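Peer 1: My questions all concern the structure below.
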Amino acid sequence: MGQHTKYTLECCVDSVESALAAALGKADRLELCAGLIIGGTSPSLALYEQVKECCDLPVRVLLRPRFGDFLYTAYEFQIIRREVELFREAGADGIVIGCLKEDGSLHMEQMRELMEAADGMKITLHRAFDVCADPIRTYEQAWELGIDTILTSGQESDCVKGMPLLQKLCSLQRQNVCKEGVQQDKEEAHPHKQVKRPQIMAGAGVTPEVIRTFRAQTDITAFHLSAKKILDSGMVYRREGVPMGIPAMSEYSIFRTDREVVAEARRALED
């Protein structure tokens, strides 16, 4: 990579405290969600508003109605579509979405409807991509849709294991040529308008050291991390043995973004 390469560091957060830590660590942008410990679900509008009030970073909002896979019922899909409208009206910079069919292919009809509702917002295809049946075909479909970014681990449990596929996808990203019939901006549609191929953003297991490894061995220029640390709750009185969710998790552990880890990741990109 040349000395003027533009790198993107996105931090996934589910609280105002984590958003502030990410900003202080010099992240470029936030992915805002709720319930990060279960992979993230849609955040509330109130959380989004508080984050924007306290932090001036661009925010892409994860829209996922539940934990689990990405095959959505008609009710679930309508919830996602309405959330696209709500966060667009609230001024979110972008949304993070993904819908699959039963056979593991991208649900193009649902994705087109969400893209239309987004009406010019930046779009990330989230890690539904990592459980799709054909990642190369799905990458091309994402390009056809006009998706800006694909967040992926390379279809592995972490991005280091998925490095071969990530590098292959990155080689597709570099083929930024004109594609007939693709519309980047509905109001400026032109049959020969150039639409950049989706940027590959490495996620899952990203640390400062992983970033250094990727910089040395790949052409990836965008990285997604949560930089989580576990804080002990300030509760003094504690009634143990009454789980509110997953029994294996302590109710008195709080997950927050570690400002220092984000800052070290930034240094890893600037070295």
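The values are calculated or read from the model by the stated rules, or taken from the named source; none is laboratory data. Everything quoted here is computed from the prediction, not taken from an experiment. No Cβ is skipped: glycine too gets one built from the backbone with ideal geometry, and neighbour counts run over all protein chains shown. Heavy atoms of the whole protein, side chains included, go into the accessibility calculation; ligands, DNA and RNA do not. Shrake-Rupley method; radii C 1.70, N 1.55, O 1.52, S 1.80 Å.
Peer 1: Using R₀ = 41 Å, calculate the FRET efficiency as 1/(1 + (r/R₀)^6) where r is the Cβ-Cβ separation of Lys196 and Ser253; round to 0.05.
Peer 2: Computed FRET efficiency for Lys196 and Ser253 comes out at 0.50.
Peer 1: May I pose another question? On the accessible surface of region 1-158, probed at 1.4 Å, how many percent belong to carbon and sulfur atoms?
Peer 2: C and S atoms contribute 50 percent here.
Peer 1: Can you give me the Cα centroid spacing of region 80-101 and region 106-128 in angstrom?
Peer 2: Each part's Cα centre sits 8 Å from the other's.
Peer 1: Right, next: So what's the gap between the Cα centers of region 149-174 and region 250-271, to the nearest angstrom?
Peer 2: 22
Peer 1: If the viscosity is 0.890 mPa s and the temperature 25 °C, what translational diffusion coefficient in µm²/s does Stokes-Einstein give for region 53-146 when Rh comes from Kirkwood over Cα pairs?
Peer 2: This corresponds to a translational diffusion coefficient of 180 µm²/s.
Peer 1: Restricting to the chain, compute how many DSSP beta bridges are antiparallel as a %, nearest 5.
Peer 2: In the chain, approximately 20 percent of DSSP beta bridges are antiparallel ones.
Peer 1: Oh, and also: If a paramagnetic tag sat 7 Å from the Cα of Arg112 along the Cα-Cβ line, which residues of region 144-159 would have the backbone N under 17 Å from that point?
Peer 2: Inside the label zone: 144-147.
Peer 1: Could you list the residues of region 207-238 with an amide nitrogen less than 17 Å from a label point located 7 Å from the Cα of Lys168 in the Cα-to-C-beta direction?
Peer 2: 218-220
Peer 1: Need one number: convex hull volume per residue for the chain, Cα atoms only, in Å³.
Peer 2: In the chain, the Cα hull volume divided by residue count equals 143 Å³.
Peer 1: Suppose each label sits 7 Å from its Cα in the direction of the beta carbon; what would the Glu270-Leu71 distance come out to in nanometres?
Peer 2: 4.7
Peer 1: In what sequence, largest accessible area first, do Tyr7, Tyr139 appear using a 1.4 Å probe?
Peer 2: Of Tyr7, Tyr139, the descending order of accessible area is Tyr7, Tyr139.
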